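I have placed the structure first, in the form of structure tokens, so that the comments after it can refer back to it.
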Amino acid sequence: MPHSNIEQLSESVQHHGKLNQIIMAACNIFTKTPNPSLIQHLNKLVILNLSGCSKLKSLPEISSAGNIEKILLDGTAIEELPSSIGCLSRLLELNLGDCKNLKTLPSSLCKLKSLEEICLTGSAIEELPSPIECLSALCVLDLGDCKSLKSLKLPFDGLYSLTYLYLTDCAITELPESLGLLSSLEELYLERNNFERIPESIIRLSKLSSLLVSYCERLQSLPKLPCNLYWLDAQHCTTLESLSGLFSSYKCVFFYLNENFKLDRKLRGIVEDALQNIQLMATARWKEIREKISYPALQGHVVLPGNEIPMWFSSQGMGSSITLKMQPGCFSNNKVFGFVFCAIVAFRDHHVRDWSFKFYCEFKIKLKDCDPHVIQRYLGRVNYVEPDHLLLGYYFFNHQDLNGCWEYNCVPEAVQFYFKKVLGSETETLDCCGVKKCGIHLFHASDSMDSMEDPSKVFNRKEVEEPHPKRLKYL
């Protein structure tokens, strides 16, 4: 068993050649496998697990163990792998995480056409074997915290199956343009690196759903991002000055740009661009409502430095709630189908810094001939931020929401925004996380790109023309 007190493996184990799976014991006393012939006799061995054997420095030749699918050597003192690893044609997973003495891998590893996952996180690896592009089935490559990598020389044009790429904290100073050739990539982890830009070729990654670049403190700009991006984490990129295309796709998206205070000078344009794209989404959603019987809820938000609500929002309030002045039958007559919201978020207690929060809104709805009713909607997760930040987002109702609201002539009387702490599967409403100001604009059927106000025309122009202060005031 991994992390057990076994000191050696019995010679008799080698006679169990028909075992479908043997998990070889891990212990801190092994410095090598006790009998090199042991593995060779286990021709049915499927998983070789020596995880946590902190004194294990080497493996024997393993060419006879041709049915192995997983080799788990994470946390060992392994210094090299035998070249015979290239004979393991069924190997799917190789875990070498936290192998602090491992600097190179044998080139024979690149013969493994079935290999799907390589984990080298926290290892001393200096370079990857060549030609690694021959690993045509490779889906997961984890190089997180590999600070000894001399350079990022990955032939991306050959890794067409790569789905998850982890390059967190690798001291990377430049990303190659060939990044855009990873046509199957869905998640890209680049946090805590030293590059200044992301290649524009990233737009070609049509399957990319998650991009994480937080704490890349030299990153100056973000290019136009892929249309299917769902999650962008770019927190604490302290030199980030520009980005483009927020909410440029018709789908759920969540963007986190916390603590990027150099964006202040471009905040006006960023918010205007985002609001215009949300309007385009509203037009697309109304078309979908007219053409389909059922459709899901659609939502998204972005967190940015800021402390004022754009004047574009038709209803605004101090604090966390807004009283809405709506005519009877507004939902059914005007066909309200969604809303865009903005809130200035303030966290008052530092002890909640490491918490994660859920952000909600509640509509107080008046029904015809009935008591008021409350509709609660979850708007997404938000991490601790300081100082004040602007939370801008949208929510389009699903078909069940709309059918009920339209049928019963609902009239929204008020809306309130608030946070809840995430406690496993439970949540708890908190007072330490407040909403200082908020705004909301309801989308209805009469809205169109011709009739809705242009966000760029409803900001406070006078304040825009003033010299740039420490914090923007023009919104």
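Residues satisfying the criterion are present in region 186-202 (criterion: buried (at least 18 other Cβ atoms within 10 Å of the Cβ) and among the basic types (K, R)).
Being under 26 Å from the mean Cα position of the chain (by Cα), surrounded by fewer than 16 Cβ atoms within 10 Å (Cβ to Cβ) and either over 19 Å from L179 (Cα atoms) or modelled with pLDDT of 95 or more (or both) is not true of S107. Restricted to region 360-383, and to residues there that are outside any strand (DSSP E or B) and among the hydrophobic types (A, V, I, L, M, F, W, C), the residue that is modelled with the highest pLDDT is L367. Of the residues S37, S89, the single one that is at pLDDT below 95 and part of a loop (DSSP other than H, G, I, E, B) is S89.
If the condition is being among the β-branched types (V, I, T) and touching a Ser or Thr at 6+ places or on another chain (Cβ under 9 Å), then region 83-131 contributes I85, T121, I125. Restricting attention to region 92-110, the residues that are within 20 Å of E126 (Cβ to Cβ) and in a loop (DSSP other than H, G, I, E, B) add up to 11.
Of all residues in region 169-181 being in a loop (DSSP other than H, G, I, E, B) and touching a Lys or Arg at 6+ places or on another chain (Cβ under 9 Å), which is nearest to G158 (Cα to Cα)? Step by step, filter region 169-181, then rank; the result is P176. Could you please let me know if N258 is in contact (Cβ under 8 Å) with a residue 40 or more places away in the chain, closer than 24 Å to N193 by Cα and within 27 Å of the chain's Cα centre (by Cα)? Taking the combined requirement at face value, the residue satisfies it. Residue pairs whose Cβ atoms lie under 6 Å apart, sitting 6 or more positions apart in sequence or on different chains, and linking a residue in region 82-96 that is assigned by TED's automatic domain parsing to the domain that holds L128 to a partner that is basic (K, R), are G86/K111; E93/K70. Here I118, I78 are screened, and the one residue that is outside any loop (DSSP other than H, G, I, E, B) and without any contact (Cβ under 8 Å) to a residue 60 or more places away in the chain is I118. The condition (being within 19 Å of G144 (Cβ to Cβ) and modelled with pLDDT of 95 or more) is satisfied by just one residue among E117, E127: E117.
The residue pairs whose first member lies in region 196-210 and is under 17 Å from V253 (Cα atoms), whose second member is buried (at least 16 other Cβ atoms within 10 Å of the Cβ) and of a type in the set (D, E, K, R), and whose beta carbons are closer than 6 Å, counting only pairs six or more residues apart or on different chains, are K207/E186; S209/E186; S210/E187. Selection of region 153-166 for residues being at pLDDT 95 or above and either assigned to a helix (DSSP H, G or I) or surrounded by 20 or more Cβ atoms within 10 Å (Cβ to Cβ) (or both) yields L162, L165, Y166. Screening region 51-71 for residues that are touching a residue at least 40 places away in the same chain (Cβ under 8 Å) and within 32 Å of the chain's Cα centre (by Cα) and picking the one that is farthest from S130 (Cα to Cα) gives G52.
Taking region 54-63 as the range and being within 19 Å of L92 (Cβ to Cβ) and either surrounded by fewer than 16 Cβ atoms within 10 Å (Cβ to Cβ) or not assigned by TED's automatic domain parsing to the domain that holds L138 (or both) as the test, only S63 passes. In the set (1) touching a residue at least 12 places away in the same chain (Cβ under 8 Å); (2) more than 30 Å from L181 (Cβ to Cβ), L240 fails one condition alone, (2).
Taking region 121-145 as the range and being over 24 Å from the mean Cα position of the chain (by Cα), outside any loop (DSSP other than H, G, I, E, B) and either buried (at least 20 other Cβ atoms within 10 Å of the Cβ) or of a type outside the set (A, V, I, L, M, F, W, C) (or both) as the test, the residues that pass are I132, E133.
Restricting K113, K150 to those that are over 28 Å from the mean Cα position of the chain (by Cα), among the basic types (K, R), loosely packed, with under 15 Cβ neighbours inside 10 Å and in a loop (DSSP other than H, G, I, E, B) reduces the list to K113.
The values are calculated or read from the model by the stated rules, or taken from the named source; none is laboratory data. Quick caveat: nothing in here was measured; it's all calculated off a predicted structure. Heads up, the Cβs are rebuilt from the backbone with ideal geometry, glycines too, and the neighbour counts pull from every protein chain shown.
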